[in-house]
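The values are calculated or read from the model by the stated rules, or taken from the named source; none is laboratory data. Please read all numbers here as calculations on a predicted model, not as lab measurements. Cβ sites come from the backbone with ideal geometry, for glycine too, and all protein chains shown count toward neighbours. The area values use the complete protein model at the heavy-atom level, side chains included, leaving out ligands, DNA and RNA. Shrake-Rupley method; radii C 1.70, N 1.55, O 1.52, S 1.80 Å.
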Amino acid sequence: MKLYDYPGVPNPRRLNIFMAEKGIKFPRIEVDLLKGEQLTADFRLKSPNCDVPVLELDDGTCISQTNAIARYLEARHPEPPLFGATDQEIGLVEMWNQICFTNGFQAVADLFRNGPDWFDGRALVGPHNYDKIPALVERGRQRIMNFYDDLNQHLAHRSYLAGNNFSMADITALVTIDFAEWAGVAMPDGHEHLHLWHQQISQRPSVVANS
Ligand SMILES: N[C@@H](CCC(=O)N[C@@H](CS)C(=O)NCC(=O)O)C(=O)O
């Protein structure tokens, strides 16, 4: 098997942390996003959404989309479970992973991709080109601040986002927060539960190895 990725960008980072938690390694092939290699005809055959990460199986089947790859790997390497161990945990991990991706990650992507500096004509990841909508920068910022408030409140009485164990939901939230900070919208002072959670999760060897 081989993994197509690009160092330092957030969705491959989510998968790399997930794989490090499970001790999984694959040979890597770098797809240079800055050169537009994700948009070539050859790469489209592997990744219909023109994005990374992509896992190519030994029979040539390609799985893209971080959660889809992670689900596949979880089925093959169940320990430690990162999508929940009980029925209830499985539901909660899915719930919080989706909330973090929708309310957090996509808000950062809106802010970052609709700003003045980059991504002219490429405001959305995918096979089609879309123009920027500058108003999404401010809306993205507001949504990120609300995301911080909501997580801080949720973490007031828990160590992890979903159930009693570290999960994919924590990975998505951590990567989202680091992405937001890199994009200029850091966690505000005073969100003590969120800061504590972030500090603890950031010390995990899987995160340190992918920072
Ligand atoms: N929904 C996809 C999103 C993947 C994604 O956005 N990947 C980015 C890197 S973080 C990418 O490949 N961008 C290509 C581009 O900007 O055209 C997933 O969960 O894996």
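Name the one entry in Y160, Y130 that is open to solvent by 30 Å² or more (accessible area, probe 1.4 Å), among the hydroxyl-bearing types (S, T, Y) and out of contact with any helix residue (DSSP H, G or I) (no Cβ under 8 Å at 6 or more places or on another chain). Result: Y130 is the single residue among Y160, Y130 that is open to solvent by 30 Å² or more (accessible area, probe 1.4 Å), among the hydroxyl-bearing types (S, T, Y) and out of contact with any helix residue (DSSP H, G or I) (no Cβ under 8 Å at 6 or more places or on another chain).
Which one of these is more than 21 Å from L174 (Cβ to Cβ) and β-branched (V, I, T): V108, V54?
On the way: V108 fails: more than 21 Å from L174 (Cβ to Cβ).
Just one listed residue meets the conditions, V54.
Here region 107-143 is the region considered, the condition is being within 21 Å of C50 (Cα to Cα) and polar (S, T, N, Q), and the residue that is farthest from the ligand (Cβ to nearest atom) is N114. Of all residues in region 1-29, those satisfying the criterion of being touching a residue at least 60 places away in the same chain (Cβ under 8 Å) and away from the ligand (no atom under 14 Å from the Cβ) are A20, E21, K22.
Quick grid of which residues meet (1) under 21 Å from F18 (Cα atoms); (2) among the hydrophobic types (A, V, I, L, M, F, W, C):
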position: D131; (1), (2): no, no
position: E138; (1), (2): no, no
position: D150; (1), (2): no, no
position: A156; (1), (2): no, yes
position: S167; (1), (2): yes, no
position: D170; (1), (2): yes, no
position: V175; (1), (2): yes, yes
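Show the residue pairs meeting these rules: Cβ distance below 8 Å; 6+ apart or different chains; first residue within region 60-71 and outside the structural domain of P48 (by TED's automatic domain parsing) and touching a residue at least 40 places away in the same chain (Cβ under 8 Å); second residue of a type in the set (A, V, I, L, M) and buried (at least 17 other Cβ atoms within 10 Å of the Cβ). Here the result reads none, with nothing in region 60-71 linked to a residue that is of a type in the set (A, V, I, L, M) and buried (at least 17 other Cβ atoms within 10 Å of the Cβ). Against the numbered list (1) out of contact with any helix residue (DSSP H, G or I) (no Cβ under 8 Å at 6 or more places or on another chain); (2) open to solvent by less than 60 Å² (accessible area, probe 1.4 Å), S167 comes up short only at (1).
Is it true that C100 is surrounded by 17 or more Cβ atoms within 10 Å (Cβ to Cβ), within 16 Å of the ligand (Cβ to nearest atom), assigned by TED's automatic domain parsing to the domain that holds I171 and of a type outside the set (D, E, K, R)? So C100 fits the description; yes. If you go through region 103-127 and keep only what is crowded, with 18+ Cβ neighbours inside 10 Å and assigned to a helix (DSSP H, G or I), you end up with G104, F105, A107, V108, A109, D110, L111, F112, R113.
Restricting attention to region 173-209, the residues that are part of a helix (DSSP H, G or I), open to solvent by 60 Å² or more (accessible area, probe 1.4 Å) and of a type in the set (D, E) add up to 2. For Q142, the conditions (1) open to solvent by 90 Å² or more (accessible area, probe 1.4 Å); (2) farther than 30 Å from A41 by Cα; (3) part of a loop (DSSP other than H, G, I, E, B) are fulfilled apart from (3).
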